[in-house]
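Structure, as structure tokens:
What follows draws every value from the coordinates through simple rules; no lab data is involved. Quick caveat, the model's predicted, so the values are computed rather than measured. Neighbour counts run over all protein chains shown; Cβ positions are idealised from the backbone, glycine included.
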Amino acid sequence: MIGIPLTGGFVGKWFVFFSTLNAGLTLLALIGVLTSVVSAYYYLRVVVKMWLESGEGEANVPPRLAGAVALCAIVTLIIGILPTVVAGLAESITLALLR
């Protein structure tokens, strides 16, 4: 979990680091930030390999598959950026189904 800004992972890390600093645990916060930087390095290497380096050949992706992947990516971003909206919607649907 790299903690991309505006997503739940970033907010979670922000609260953890902020809490450790407020508790006077500066060394622990520093260790957390350093491990996040190291993990970001390894995560971003994968992203560079996937998007910036040329592959062995051109892939013919069927339009329906590309659409499904795009839809999943959009839903993942929405859930990551607006989790309370999605959770509220899920709660409303669940309550309606259970009545």
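Annotations
- Across q = 0.29 Å⁻¹, the stretch 1-55 modelled as identical point scatterers on its alpha-carbon atoms has Debye log10 I(q)/I(0) values of -1.09, in the order of the q list.
- Share of Cα-Cα pairs in the chain lying beyond 17 Å, as whole percent: 71 percent
- With viscosity 0.890 mPa s and temperature 25 °C, the Kirkwood radius over alpha carbon pairs of the stretch 45-97 converts through Stokes-Einstein to a diffusion coefficient of 174 µm²/s.
- For the chain, calculated [θ]222 nm from helices alone, where every DSSP H run of n ≥ 4 adds -39500 (n - 2.57): -26000 deg cm²/dmol
- For the stretch 14-99, with +1 on Lys and Arg beta carbons and -1 on Asp and Glu, the positive-most of 40, 20, 55 along the dipole: 20
- For the stretch 1-74 versus the stretch 78-99, the gap between their alpha-carbon centres in whole angstrom: 25 Å
- Sorted on the mean count of surrounding Cβ atoms within 10 Å across their residues, most packed first, peptides 7-14, 62-69 read 7-14, 62-69.
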